[in-house]
Structure formats: C-alpha cells, structure tokens
Amino acid sequence: MADFEIKDLRVGVEGREILKGVSLQVNRGEVHAVMGPNGSGKSTLSNALMGHPSYQVLGGEVLLNGQSLLELQPDQRARLGLYLAFQYPIVVPGVTMANFLRTALNAQRGYDGKDKAKAIGPKEFRELLAEPMNTLRIDKSFLSRYVNEGFSGGEKKRAEILQMAVLRPTMALLDETDSGLDIDSIKYVSESINSMRGGELGILIITHYTRILKFIQPDYVHVLVNGQVVRSGGSEVADQLENTGYSEWVDEPAAAAAVAEEV
Amino acid sequence: MTALVLSAADELAGLHDEPAWLRAKRRQAFAVYERLPLPQRTEEEWRRTSLKGLDLDAFQAFEAAGASAPATPIADTAGVLRQSGSEPGKVEIDPELSRAGVLFVPLSQAAREYPELVQKHLFQEVRPDRDKLAALHAALFSGGTFLYVPDGVSIAKPFVSQFWSSTGGALVLPHTLIIAGRGSSFNHVDEFLSPDLEQPSLTSGSAEIFAGEASNVGYVALQRWGNHAWQFADERARLEKDSTVRMVHAGLGARFSKNRVEASLNGPGARAELKALYFGTGQQFFDFHTLQQHVVGHSTSDLLFKGALREQAQSVYAGLIRIEVGASGSDAYQANRNLLLSNQAKANSIPMLEIMNNDVRCTHGATVGPVDPEHLFYLESRGIPPMVAQRMVVHGFFGQVLERIPVQQARELVEQELEDRIGF
C-alpha cells in the first residue's frame, strides 16, 4: 500500500458530480503532478482532500499512512500530516502571521492552552522560521502582519510555502502554487520546495501549466480531464502536454501555447 | 431611601456639597425630566429599542458606598479617581501635574473651586433636554470627574476614573467633563464597573469633551456594568481647529445599553476618531446612535463600530454623518460591522448621510453576518481545531478597534474580557 492513496474518489459540488472516480498513489519522497485543463476538477480534488465543507464526497477512499481521512475534520487531517498550499490563500483580518503559525504549531504538538511544556517556546519558534524565511526571501516584519492581508500575489504564495516548511507535513498538496507568481518568487518558492523534497515528504502538484514543473521536476505526471485520470506516466507526459496541450481530450484552441505559458 | 423626586436633587447636591448654581441646574433638569414622557417607539431614534420593563419608580435616587471596588487594572497612571455608589470620589494625582496646573478632581469639587470653568461647559454638549433619561441624568447625576489640562501640557500616562456600584436598585449616574487646553495631549479612561446584582439599576456614564485648538485627546469608556443594569449615556466631543479626539467605547456589560456617541467638528483640521466594540451574550441589548457633525470644512471623522453577538443578544446601530452647508473639503467615514455567533442573535444596522455640501468625501457601510466559513477552513487546514479557529477569527475581527485603544492596559483588559466572552 502506498503512503498516500486516493481510491476511486467521487466528489460533488452543489449536487453536480465533478470527480468521477479518481485513483492516485503517492509514496514518501515522490513528487507527483496532476495536470488538467480548466474545469477538469483540479480544485475540487485539492479542496475535497483537505475537507472543505462545500465539497461532498460521494464515494471512494483516501488513506494517509493507512489512516482513512474522509471522515475526519480538516484540522484532524492536517495534524495527521496533510497540507494544502491554497490556490487563493484566504485573508484573515486581525490575526497576525506569527499568532497563526504559533497556534498551528501548538495544535500540532497537542498544546491546548494547559500544559505549557507542550507549547513552542519563542526561541524555538524563531529558529524554525529562520531558514525558510531566508530561502523564501520573507522579511521579519511579515510576522506581525495580518494573515495574507495586503500581501501581493507572490507574497501570498511564498507564505503558503513558509507555512509548509514550518509545519513539515508528510503529504503536501500544492494547488496552482505558481499562478500569480513573478519570476523571482517562483525561484524562491521552488528552491524552498526542492529543499524539502525527498525523505518523508510526498508532494502532489496540481497545475494547469507546465511552468512550475521546470523548477520542480516531477517523478510522475497524471492528466486529469473531466473528473478522471486519463493518463499517468513519468515526466515525459508533461513534455508531451507542452507540445499538444489538452487538445487530445478537450476542444481547446491554441492549447499548446496555453500549456507552455511564458516562463 | 429617596425616590426620584425633586428633593432627591437637593439631597445629592448636599451630599456632594455643591454650590447654589449647580443645585439650580439640577432643579431645572428635574423639571424637564418631569415634563417629558419616556421615549416612545414612534420616535425614529427609539423605533428598534424597547424600554419595556423599565420602571423608574423602582429605583432609589442614589446608592450608598458599599463593598470596596476591585483594584483598577490600569496601574501606571497620571491620576486616579475612585467613586463608589453615589458618594463623592477620591482622587490621587501626580503632584508634578498639579503644579503644572492640571486639575483632576471630583466634578462637585470643581464646581465649587473653579465655577467659571465648569459652569461654561457642564451640560453644554450633553444636553439635559434631549430626552427624559438625559434630563434625569442631569438632575440626579451622582458626581463624576473633572479633568482640565492647561495649554501646551502633554501627559503620557493616562488618567483613570473608576465608578463602582455594588448594591443595585438605585441610580448611579456619573458624569465626566474634560477640557483640553490648546496644544495639550493626554488620555483619559472611564471604567464603569459593577458585579451582576439582583435588583435592576439605572446607570449612565456620560462624558463631555472640549478639545481646544491643536489638542490631542484620547478617551476610553469601559462599560462593564453588571447584567442588572439599564444604561443610558451620552458621550460627546466638541473639536476646535486642528484638534484630534480619539474615543473608544467598549460595550461589555449591562442588560440594556443605550449610548449616543457624537462628535462635532468646529474647526478646520479637526479630526475625530470614533471607535467602539461591543460583545453581547445572553439577553443583552445594545443600542448605539452616533453622529459625526461637520460644522466646518477640512475636517475629518472616522467611525468604526464592531460588535459580536451570541445567544439571544441583540444590537441596534444607527449612525449619521452630517455635513453642514459650509463644511466643504470634509472627509467622513463610517462603518458598522456585526458578527452573529448564533442563529438567534440579531443586529440592526442603519447608516445615514445628510450632506449639505457636495465637495466632500464620505463613505459608509454596514455588514451583519456569521463568521466566514472560508476563514475557519483556512485556519483549520493548518491543524487548528475549530473552536480555536473560531476564537482567533472573532478576536481578529475586533483587532482594528482594539489596536486603537490608546492605553495599553485598558486594551489588555478589553482583550481579556473578549476572550472570556468568546470562550466557546
């Protein structure tokens, strides 16, 4: 059994079935990419895996290290090691990044406000943040800002990867992490992700375009069309897509150009 | 034991050893009180506010000093006034400040010793004839604070007045009068405090602020009356040229709380910041009426009222921006945001504009709704349990107001009070 298994997952939104039986297996140390055109169900996949309340699971199973996830709340899934880097990170007014990160770390450690020995100390907190903040070129002042409020597109995505680096998940879903990124940000983000890859971490990159895959080489590529995986293979699948686009499956003018996009 | 009769005004004046002119003022206000009926729901201001259950005959005119008050949490002060029930307050002030001409004394003492200063200002902005309850406050106010800061004097530490009520069944109506000299700068905190008591009380906590030219005044009202209280109060600031007034109201206590918060901008360059937060639980009811009155132009007012309501708590907000004919170049902002934390909680919000001059910038807005599920999902996706996530979002919601409380210890106190109420 793989470390992360999606078995015949079917998901609906507002009564419409979007994912029509998706199966994927990701082992620790591996990087997978799920590629697909608009409307193929990419966002549904990432949201449903994390447990967004607007997505109804209609069938199937998801296992992380043998533990079934679908009956669990989002926070329980996260504490088991699942992470979602959001396509559109949410602004949470009045909550500072520092408070947010510290609370998330404490939750992971089982600190419920009582046993102070479990809470992360200020020194350890600073040390945990130092390296990823440096790699991601994130300034200290960022910690006293409110979560994602007034962040540029690049800052938001870098903040997502910072959280990932701090929380150290065993399975990370990166939803369109390169969209809205300027060229500098994409370098910092992929540098940070590449420094984490391997070891205990499995990564699933969800993307329309091949751009980010030039920076983070996937071991496996899956093509998602109309709620189903229509092809799986090695990184050569992404190379093909760059030439042909999704035109094999959907009517998409200028598809090749759209998949390659300017880097 | 004294009911709400004319002789009560004299008794209170006697208790506070007030001069004849103030005694006469009380009597005049009492006549207004007797003449006016209770506000009716046919009046626009009271349309959503019910006084059902308010029985003025059930109250004693004043409250004897009772059990001693808890220590005020604000330790590092320029001066402290403590008043229990309707008895005259006791003051401690930094002697340096007294030498610099700062006056921080019980209101009745100021009326005796500085009549020219007090007479000119007292009940000029908070008008006794506004309605029956305002008249009652002026007729039977139970002392309060007088703070005068001379021209050019800047004071970093805050002044704190604590009004404590411990028995219930009576009127407790403190009044604050603040006069800021030209270019002066200081903060004042009023704390209104009582435990939850058996018998209903009628309380206020009205304040008049006169901000002289280029002065900078911070005023914080911590309304922490017990859940037996009917509270009616008027807070009103008058701003002269280039002055800045920042008022923050924290509505935490009382079963019923009706507050008018108003600023009149009377000089160019004046800037009024009106902020409030309120948190209702159980059966609490809050009513805020606000006024940003731009009498002259090139003045700014910025209002933000934020409230959260749990259980069956309810709130009414009605705010008016009024730009007078000559007030061109005014900027006025008004926002009221309400967070409903239960299905039964209710918030009404009515922003209003009255603009007599077109050369102005005004924005206003109101929102009423539950906690945004996307906020919760985002926090939970990082492993934060739902209860903790909810607490963070609610706390964060108040952040914009909390950060404007000019006195750190007052801010911490309010944060703690909010935490206790959020306590899911």
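The values are calculated or read from the model by the stated rules, or taken from the named source; none is laboratory data. The structure displayed is predicted, hence computed values, not measured ones. Glycine gets a Cβ as well: all are built from the backbone with ideal geometry, and neighbour counts include every protein chain shown. Side chains are part of the model used for accessible areas, which takes the heavy atoms of the whole protein and leaves out ligands, DNA and RNA. Shrake-Rupley method; radii C 1.70, N 1.55, O 1.52, S 1.80 Å.
Summary of values
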{"read-out": "Which listed residue is out of contact with any Lys or Arg (no Cβ under 7 Å at 6 or more places or on another chain), within 30 Å of A:Glu61 (Cβ to Cβ) and at pLDDT 95 or above, from A:Leu167, A:Leu129, A:Leu173", "value": "A:Leu173"}
{"read-out": "Selection within the range A:124-150 - more than 12 Å from chain B (Cβ to nearest Cβ) and under 19 Å from the mean Cα position of the chain (by Cα)", "value": "A:Pro132, A:Met133, A:Thr135, A:Leu136"}
{"read-out": "Condition broken by A:Lys116, with the remaining ones in (1) out of contact with any Asp or Glu (no Cβ under 9 Å at 6 or more places or on another chain); (2) at the interface with another protein chain (Cβ under 8 Å from one of its Cβ atoms) satisfied", "value": "(2)"}
{"read-out": "Qualifying strands (runs of 3 or more DSSP E) (wholly inside the range B:170-269; at least 2 residues being closer than 17 Å to B:Ser299 by Cβ and charged (D, E, K, R))", "value": "B:229-239"}
{"read-out": "The range B:107-140, residues that are in a loop (DSSP other than H, G, I, E, B) and over 23 Å from B:Leu171 (Cα atoms)", "value": "B:Tyr114"}
{"read-out": "Residues within the range A:169-210 that are in a loop (DSSP other than H, G, I, E, B), in contact with a strand residue (DSSP E or B) (Cβ under 6 Å, 6 or more places away or on another chain) and of a type in the set (A, V, I, L, M), tallied", "value": "0"}
{"read-out": "Qualifying residue in the range B:349-358 (condition: surrounded by fewer than 17 Cβ atoms within 10 Å (Cβ to Cβ), within 14 Å of chain A (Cβ to nearest Cβ) and closer than 22 Å to B:Thr300 by Cβ)", "value": "no"}
{"read-out": "Count of the range B:377-404 residues which are of a type in the set (S, T, N, Q) and more than 7 Å from chain A (Cβ to nearest Cβ)", "value": "1"}
{"read-out": "The range A:26-73 - residue that is touching a residue at least 24 places away in the same chain (Cβ under 8 Å), open to solvent by 30 Å² or more (accessible area, probe 1.4 Å) and within 14 Å of chain B (Cβ to nearest Cβ) and, of those, nearest to A:Leu84 (Cα to Cα)", "value": "A:Ser43"}
{"read-out": "Those residues of the range A:77-110 which are facing another protein chain (nearest Cβ under 7 Å), within 21 Å of B:Phe397 (Cβ to Cβ), open to solvent by 20 Å² or more (accessible area, probe 1.4 Å) and under 18 Å from the mean Cα position of the chain (by Cα), in sequence order", "value": "A:Ile90"}
{"read-out": "Residues located in the range B:118-138, provided they are within 9 Å of B:Val32 (Cα to Cα) and of a type in the set (A, V, I, L, M)", "value": "B:Ala135, B:Leu136"}
{"read-out": "Those residues of the range B:66-93 which are buried (at least 17 other Cβ atoms within 10 Å of the Cβ), free of Cβ contacts under 8 Å to residues at least 60 places away in the same chain and among the small types (Gly, Ala, Ser), in sequence order", "value": "none"}
{"read-out": "Candidates B:Ala111, B:Ala100 - the one that is surrounded by fewer than 17 Cβ atoms within 10 Å (Cβ to Cβ) and touching a Pro at 6+ places or on another chain (Cβ under 9 Å)", "value": "B:Ala100"}
{"read-out": "Residues of the range B:59-98 that turn out to be modelled with pLDDT of 95 or more, among the charged types (D, E, K, R) and not in a strand (DSSP E or B), as a count", "value": "2"}
{"read-out": "The lone exception for A:Val147 - which of (1) closer than 19 Å to A:Asp175 by Cα; (2) open to solvent by 50 Å² or more (accessible area, probe 1.4 Å); (3) at pLDDT 95 or above it fails", "value": "(2)"}
{"read-out": "Only listed residue being within 14 Å of chain A (Cβ to nearest Cβ) and either open to solvent by less than 70 Å² (accessible area, probe 1.4 Å) or out of contact with any strand residue (DSSP E or B) (no Cβ under 6 Å at 6 or more places or on another chain) (or both), chosen from B:Gly369, B:Gly365, B:Gly329", "value": "B:Gly369"}
{"read-out": "Scan of the range B:398-416 for residues that are open to solvent by 30 Å² or more (accessible area, probe 1.4 Å) and of a type outside the set (S, T, N, Q), ordered by number", "value": "B:Glu403, B:Arg404, B:Pro406, B:Arg411, B:Glu412, B:Glu415"}
{"read-out": "In the range A:158-207, the residues that are among the hydroxyl-bearing types (Ser, Thr, Tyr), more than 23 Å from B:Gly383 (Cα to Cα) and open to solvent by less than 10 Å² (accessible area, probe 1.4 Å)", "value": "A:Ser185, A:Ser190, A:Thr207"}
{"read-out": "Enumeration of residues in the range B:274-289 that are open to solvent by less than 10 Å² (accessible area, probe 1.4 Å) and either farther than 14 Å from B:Ser204 by Cα or small (Gly, Ala, Ser) (or both)", "value": "B:Leu274, B:Ala276, B:Leu277, B:Tyr278, B:Phe279, B:Gly280"}
{"read-out": "Count - residues of the range B:211-233 that are touching a helix residue (DSSP H, G or I) at 6+ places or on another chain (Cβ under 6 Å) and open to solvent by 10 Å² or more (accessible area, probe 1.4 Å)", "value": "1"}
{"read-out": "Members of the range B:1-12 found to be over 17 Å from B:Lys90 (Cα atoms) and open to solvent by less than 30 Å² (accessible area, probe 1.4 Å), listed by number", "value": "B:Thr2, B:Leu4, B:Ala8, B:Ala9"}
{"read-out": "Odd one out for A:Pro122 among (1) touching a residue at least 12 places away in the same chain (Cβ under 8 Å); (2) closer than 23 Å to B:Ala389 by Cβ", "value": "(1)"}
{"read-out": "Residue count for the range B:291-309, restricted to those that are assigned to a strand (DSSP E or B) and either open to solvent by less than 10 Å² (accessible area, probe 1.4 Å) or of a type in the set (D, E, K, R) (or both)", "value": "10"}
